[in-house]
Every structure is written in C-alpha cells, then in structure tokens.
Amino acid sequence: MLEGFNFRIIWEYMPFFMEGVRNTALISLISLFLALIAGIVACAGRLSKWKLLRGVAIFYIESIRTTPLLVQIYFFYFGLPTLGFRIPELQTGILALMLNSGAYIAEIIRAGITSVPSGQIEAGVSSGLNYFQRMRFIILPQAVGVTVPPLLGQAIVLVKDTALLSLISVMELTRCGQVLTSERFMPTEAFFTVAFFYLCLYFCLKTLADWSQKKLIFREVY
Amino acid sequence: MISFYFQRLVEIFPFFLKGLWMTVIVAGSGLVFGTICGFLLGILRAGKNKVITRLIGVYVAVIRGTPFVVQIFIVFFILPEWGIQLDALPAAILALSILGTAFICEIVAGGVKAVAAGQWEAAASSGLTRIQQLRLVIIPQAMQTILPPLVGQYVLLIKDSSVVSVIGVVELTRVGWVTVVRIPEGLMVFSLVGFLYFVISYPLIRLSNYLEKRMAVQETKL
Amino acid sequence: MIKFDGVNKWYGKLHVLNDINLEVASGEVVVICGPSGSGKSTLIRCINRLEKFQKGELYVDGMPLHDHGTSLTKLRADIGFVFQQFHLYPHMTALQNVTLAPIHVRKVSKKDAEALGRQKLIRVGLEDKADAYPTQLSGGQQQRVAIARGLAMSPKIMLFDEPTSALDPEMIGEVLDVMVKLAKEGMTMCVVTHEMGFARQVADRVIFMDAGQLIETGPPTQFFDNPQTKRAAQFISKILTH
C-alpha cells in the first residue's frame, strides 16, 4: 500500500511543513496563555459571592461546553464583521480558542480549589489568616498538584483544536496538508506527514503531563 | 435589516431541523459503533496479553494524538488511493466511529481494571469460564465506573460530529455554514446552531451528572 | 484426594514453595498454620489453580494439575474456595451469589438452583437474609454466605484461606461454628488459619509451614502439646502468649 510513498515531495515541502509546525506551536502557546487568564477570571467569577457575576460566568462556561468549537469559530468568523469588527482570521481564531479553552480551564481550576480538604481551610482560619493569605499559603499550593495534570491535558486538546483554524484559512499545520493536497494531488504524503508532526507534539506534551502527575501531588498525611 | 434577516431565518428553520436530524444520525451511528467496538477493545485492553494491550495502546495513542479533522481527511482522501471509495456520509460515520472506539476503549478498560482482583478469583473458583466471569460478575460491576464518563464521551462525540461538515455532510454545522452566505447575520445563524447543539447535548449532560452523583452515593454505602 | 509430590514454586528469586510432599485423604480435615509469608496461602491456592507452580506434581481427585490439558472449569466446579476478604458479588443478593455457579456451570434450572441455594443458606443459618445485598450484611454473615456459595456446588473439597482473619472478634465464632459442623459431616477440608481452638476441635492433622517448607505435621493434640521441632515450638508459644 505504501509503495510509491513520495518522500522526495515531503523533503521538498519540508520548510513549508516546518512553518506549519511553528505556527501551530505559536498559536497554541499564545491561545493557552490567554486562555489561562480567561480561565482564572471566569473561575473567580464562578466562585464569587455576587449572583450576577456568578451568573455571567456560568452562562459563559456552559455555553462553551455545550456547543462545538467549530461552531464557536464560525460564530466569531462570520459574526464579528457584522458588528463592524474587521479582524484578520488568525486573531479571530485565537480569540475563539482562548474563549473555548478558557471555559474548560475555569472548571479545572475550580475543581482543584474545591479539592483541598475543608479541614485545611479551617486550620488556616483558626490561625487568623485572611482570605488572600489562606489562598496564597494553603489552598493554591495544594490545588496546584491536582490542577496541573488536567491543565496539561487541556493543552494537548488545544494543540489539536488549532487544526480547525485551517478551515478559516489560517496557515497552520493542517492547512499545509490541504495545500499540498490541492497543489500536488498527494493526500497520502500530505496528511500522513501532518499526522506525524501532530503525534510528535502530542508525545512531548503527554510525557510532560505524565511526569507532572507523579511529581506534583500533595496529600494530607494522617 | 435585522428583523428582515430574522424573518428569513424563521422561514429557513426547517432546513436547520434537517441538519439537526443529520447530526443525530451521524453522531448516533458513531456512538453506537464506537460503543460496541470500544467495549470489545476495552475488555481486551484490560486483559493480560501484553501484545494485544500494546497494539491497542498504539491505536488509542494515534487517535488521541491527532486532530479529528486530520483523521477525517485521511479517511475521505487517502482511503480512495487504496481502493476504498467512500461517500461523505459513510466516511464521516467511519471516522467518528474510529474516534469514539478509541476513547470508549480507554473508559471501559479503566472500569474493568477497577473491579477488585478478588472478584475475578471468586468467580473463577466457582468454575465459571472467562466469558461467564466477564458477563456475570465483572462487567456489571465495571458499569458503575464506566457509565458517567461514557455518557460524557457521548456529548463530546456529538460536538466532534460538527467537524464532518468539512467533507460536505449536510449536518447542523454545515447548514449554518451554507446559510450564512444567504443570510449574512453570522451571530444569529450560529447562535441558533449552537442552541440546537445545546438542546441535544443538555439531556446527556444532566444524565452524566446524575450518574456521577449516584456513583458517589454508592461508594459511600460500601 | 489431594497429593502434592515434590511441588516447588518460585516467585522470581523467592522460593515460595520448597519441595512440598503432602497427601490429604477424602474426609480429612487439615489445618495449615505458620508465620506470614510461609507460603500457606500459596499452597492451598495451588489446589484450585489460582496459583501455578514450576516443578513437581499435584493430583486433585485423580486429576493432574501440572498437566496443561486439565480442564480448569471442571476441576474448580468440584472445589469450594472461601476467601479471607469474602469477595461476595456486591451487585447480587445473597441468594443470587449462591445460585450463580450452579445455574451457569452445572446448568441447573433457576427454580432448582434457588431451592438448593435456600437449603445451603439454612445450613449456614442465614435463610432470612436470602434477599439481602452484601452491603447490608455484617462481616460474619458475608463470610457465611461465601461458605454457602462454595457448598452450593456440592464440592468434594472445601478450601479456606484465613476465613476469619478479616472479621471482628465477636463474629469469628459464628463462622467457625459453620466450619465445625461441615467438618463433622465428613467434608474434606484444608483450612489456613490461626484459630487453634478450631484445630483442636476438628482437625485430623495440623501442618506447620515456614519459609515455604513443611516443617512439621501431626494430630492436633500432639502438635500443640508436644511439638517435635524447635520452630514449631517457637510459633506455638508466640500464638498462645498473644
């Protein structure tokens, strides 16, 4: 089946693929960073005492979680121009990815914070620590161990999500495959190479995630 | 202007319902095949044969490490080069089934492994064959661990089905994509699309939450 | 009924069973004791092939276990095994636990199996708990259901792996009573236990194991009052003082 796999074509297009990998990595990093911020803000809103803030946060998070990412991408891609915003595809894509991952990250952080046993919080209160001190010294350090592995999992999902940006003409890795297919009619070479590079990114992130799983868990010791 | 477009949207609504129905068919088929194959592979994956376990592990890693859109391109564009010509709808269902099988396989394997080893021994000691042990003792207990994430996976598959729109299957997302050309109100069109996805996901999300709570209660009873 | 002939088992470098030669006759009640790690659980788990061994021969009711051709399901149908952790099926009632194997292995009809099952539950004193789930039963009750589950197959041999070690003290008695009754009715039994009272009452022989070897064997009165080996004597004194 693989006789005649044209490695020369892949070599010829290698700089092109490398650019695609680089773009995918950059888009992922930027979106992840922005999504972390969005997630922290949304999580703070979700846990706040004011009903309005909580309501907005819940509405945001649940809308994202119950609708497909592609629909969200199209929502901004086709919708923003009608509001008068002429934003290039790349930025639109990053916006959609940021809001999408942001909602999931908000839930991951919330799960991490609520996983710290209430006894720990009581101990902090009894020592006279205020809310911010308790957060800084007691809750967040222990929440980190529970939060980092799922965050890395979300990073892996995000890298795969960037592939959908190819459908709004953003030049990332998947689009390289599409271009090679349409220019040279070689979908096998194109998409197997694309898949290979995604698998490389996946294994790097997965190794990091597995390592963090082992190293960062703090548990109450009886 | 907006009200004019809104009116046209209302007129076109049946088209959206047809798209929704197609989404149900595609996602539903993928779900059914994915569950059947996922259970079979998951049981094998939880077994003792190291060769089979590793092979299935490779399959799962490849599926989890590559974007679904790339998988769809491979099924739709590369299979014909090997002599398997598929129409868009069968290709979509095949790709979604392959995706679902990989994820459900891991969920099932996790559930089976979670059943205490003593249960296997007790069942074996009564003279039950391996298949009887699985059918009567192990799987019924594994279902407790499997059901909540399984239903969650169904929601994910419904959202992933939106990606098959790229090979021309006229499901819900494609309907929105096609509509937005005639009714250039991206926000309205894709809000409607998103809402319809919400309508079919929400019952499953509620079911998953309910199952998770029930499982937590059962654990405390033990 | 049971014959170990030069059985050896290694777990990596660890020699867990060291040249075991043992014969158990039909109707005999044998108690196996020894310090933890001595291989006593491993020994009886070999009898229904929950454990395999690398060297030697083992015959159970004439069937050679060391032969790969032996049908395990047939062998296990005739042997009842009671675990330290009971391992009742949590998703089934007591009666369903007891009737599962008769229905699916012996192909008995559901009605006949239920009648048989109730009979066995009466025998262990739990006929009123037939429809209870394991979570609703105390440890002692669960273990008695486990014994009924083993008896439902009308086995030729009953094996017990520390049946009372996981029980609260006040429940040990009810389980031992069932086992004593069983022994007096002539069942072939191999019991791994520390309950010396039980051994004195019904054991035909006590076997002492240490570090994978059979150190000493003899009738209970002789074993407890007049141990022949130093290690056995040490072990007995440790049990009695605690």
Could you give me the ³J(HN,Hα) list for the stretch B:57-66, computed from phi with Karplus coefficients 6.51, -1.76, 1.60 and θ = phi - 60°, whole Hz, x at Gly and Pro?
x, 5, 4, 4, 5, 5, 5, 6, x, 10
Candidates per chymotrypsin sites (Phe, Trp or Tyr not before Pro) in the stretch A:1-104, loop by DSSP, up to 15 other Cβ within 10 Å
A:5, A:50, A:85
Prolate/oblate/rounded label for the stretch C:6-73 (Cα gyration tensor, a/c 1.5):
oblate
Express in Å², to the nearest 10, the accessible area of residue B:207 obtained by rolling a 1.4 Å probe over the protein heavy atoms while all chains stay in place.
80
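Mind checking the mean number of beta-carbon atoms from other chains within 10 Å of the Cβ atoms in C:151-157? Could you put the intermediate results ahead of the total?
Numbers: counts 0, 1, 3, 0, 2, 0, 0.
That average works out to 1.
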Among A:68, B:149, A:85, pick out the residue whose Cα is farthest towards the positive end of the charge dipole of the protein assembly as shown, where Lys and Arg carry +1 and Asp and Glu carry -1 on C-beta, about the Cα centre.
A:85
Using only the Cα atoms of the stretch B:38-118, construct the convex hull and provide its projected area averaged over every direction, in square nanometres to one decimal.
5.9
Within straight cross-link reach of residue A:51, meaning Cα distance under 17 Å, which aspartates and glutamates are found once same-chain residues fewer than 8 apart are removed?
A:62
Calculated FRET efficiency for the pair residue B:13/residue B:116, C-beta based, R₀ 60 Å, to 0.05
0.70
Rule-of-thumb check for the stretch C:96-174: C-alpha Rg over 2.2 N^0.38 Å?
1.09
Could you report the accessible area of residue A:46 in Å², rounded to 10, computed with a 1.4 Å probe on the protein chains as they sit in the structure?
60
The stretch A:142-194 versus the stretch A:1-73: alpha-carbon centroid distance in Å
9
So for each of A:109-117, C:73-81 I average, over its residues, the number of other beta carbons within 10 Å; can you give me the resulting order with the highest mean first?
C:73-81, A:109-117
Using the Cα atoms of the stretch A:100-204, I'd like the radius of gyration and the largest Cα-Cα distance, Dmax, both in angstrom.
21.5, 70
If one puts a single equal scatterer on every Cα of the stretch B:120-195 and applies the Debye formula without solvent, what log₁₀ I(q)/I(0) results at q = 0.26 Å⁻¹?
-1.09
By accessible area of protein heavy atoms, probe 1.4 Å, what ranking do B:120, B:82 get, highest first?
B:82, B:120
Given the -39500 (n - 2.57) contribution per DSSP H run of 4+ residues, what per-residue ellipticity at 222 nm results for chain C, rounded to the nearest 500 deg cm²/dmol?
-11500 deg cm²/dmol
Using packing as a proxy for protection, rank C:181-187, C:45-51 so that the peptide with the highest average count of other Cβ atoms within 10 Å comes first.
C:45-51, C:181-187
Testing the spin-label approximation: label points 7 Å from Cα along Cα→Cβ at residue B:51 and residue A:125. State their distance in nm.
6.1
Accessible area per residue in Å² at 1.4 Å probe, computed on chain A:
54
Label point distance in nm, residue C:229-residue A:9, each placed 7 Å from Cα along Cα→Cβ:
7.6
Which whole-angstrom value gives the distance between the alpha carbon centres of the stretch C:200-242 and the stretch B:124-174?
54
For chain A, the longest site-free run once GluC sites (Glu not before Pro) in DSSP loop states with at most 10 other Cβ atoms within 10 Å are removed:
A:4-219
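Working from the alpha-carbon coordinates of the stretch C:1-122, get Rg over Rh, Rh being the Kirkwood radius.
That ratio equals 1.02.
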Where the only charges are on Cβ atoms (+1 Lys, Arg; -1 Asp, Glu), what is the dipole of the stretch B:90-222 about its Cα centre, to the nearest 20 debye?
200
Counting pairwise Cα distances across the stretch B:59-187, what percent come out greater than 24 angstrom?
49
Using only Cα atoms, what Kirkwood radius does chain A have, in angstroms?
19.8
Return the aspartates and glutamates within reach of residue C:52: Cα separation strictly under 16 angstrom, same-chain partners fewer than 8 residues apart disregarded; answer none if there are no such residues.
B:121, C:5, C:19, C:67
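Please report, to one decimal in angstroms, the Kirkwood hydrodynamic radius of the stretch C:81-227 built from all distinct Cα-Cα pairs.
In the stretch C:81-227 this quantity evaluates to 16.1 Å.
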Projected onto the charge dipole of the protein assembly as shown (unit charges on the beta-carbon of Lys, Arg, Asp and Glu, signs +1, +1, -1, -1), the Cα from B:61, A:59, A:187 with the largest positive-side position is that of A:59
Ignoring ligands and nucleic acids, chains A and B bury, in total, an accessible area (1.4 Å probe) to the nearest 100 Å² of about 3000
Could you list log10 I(q)/I(0) for the stretch A:31-123 at q = 0.13, 0.17, 0.18, 0.26 Å⁻¹, which the Debye formula gives when each Cα is one point scatterer?
-0.50, -0.77, -0.84, -1.25
At R0 = 22 Å the Cβ-Cβ FRET efficiency linking residue C:1 and residue C:67, nearest 0.05, sits at 0.80
Over the whole of B:58-69, what's the average partner chain Cβ count within 10 Å per residue? Rounded to a whole number, please.
6
A convex hull over the alpha carbons of the protein assembly as shown yields, per residue, a volume in Å³ of 227
Mean projected area in nm² (Cα convex hull; one quarter of hull surface) for the stretch B:1-59:
6.1
The alpha-carbon center of the stretch B:1-54 and that of the stretch C:115-151 are separated, in whole Å, by 47
Check each of the trypsin sites (Lys or Arg not before Pro) in the stretch C:1-34 and keep only those in coil by DSSP with at most 16 other C-beta atoms within 10 angstrom; list them in order.
C:13
Per chain B, sqrt(5λ) over the Cα gyration tensor eigenvalues, sorted largest first, in Å, gives 40, 23, 12
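Nearest 500 deg cm²/dmol is fine: what mean residue ellipticity at 222 nm does chain B get from its DSSP H runs of n ≥ 4 alone, each adding -39,500 (n - 2.57), divided by its residue count?
Per the formula, -26500 deg cm²/dmol.
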Given a Förster distance of 60 angstrom, what is the FRET efficiency for residue A:210 paired with residue C:107, based on the Cβ-Cβ distance and rounded to 0.05?
0.80
Value of D in µm² per second that Stokes-Einstein yields for the stretch A:146-222, Kirkwood Rh from Cα pairs, at 10 °C (1.306 mPa s)
111
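The values are calculated or read from the model by the stated rules, or taken from the named source; none is laboratory data. The structure presented is a predicted model; accordingly, all values stated were derived computationally and were not measured. Don't worry about glycine lacking a Cβ; one is built from the backbone with ideal geometry, like all the others, and counts go over all protein chains shown. With ligands, DNA and RNA removed, areas are computed over all heavy atoms of the protein, side chains included. Shrake-Rupley method; radii C 1.70, N 1.55, O 1.52, S 1.80 Å.
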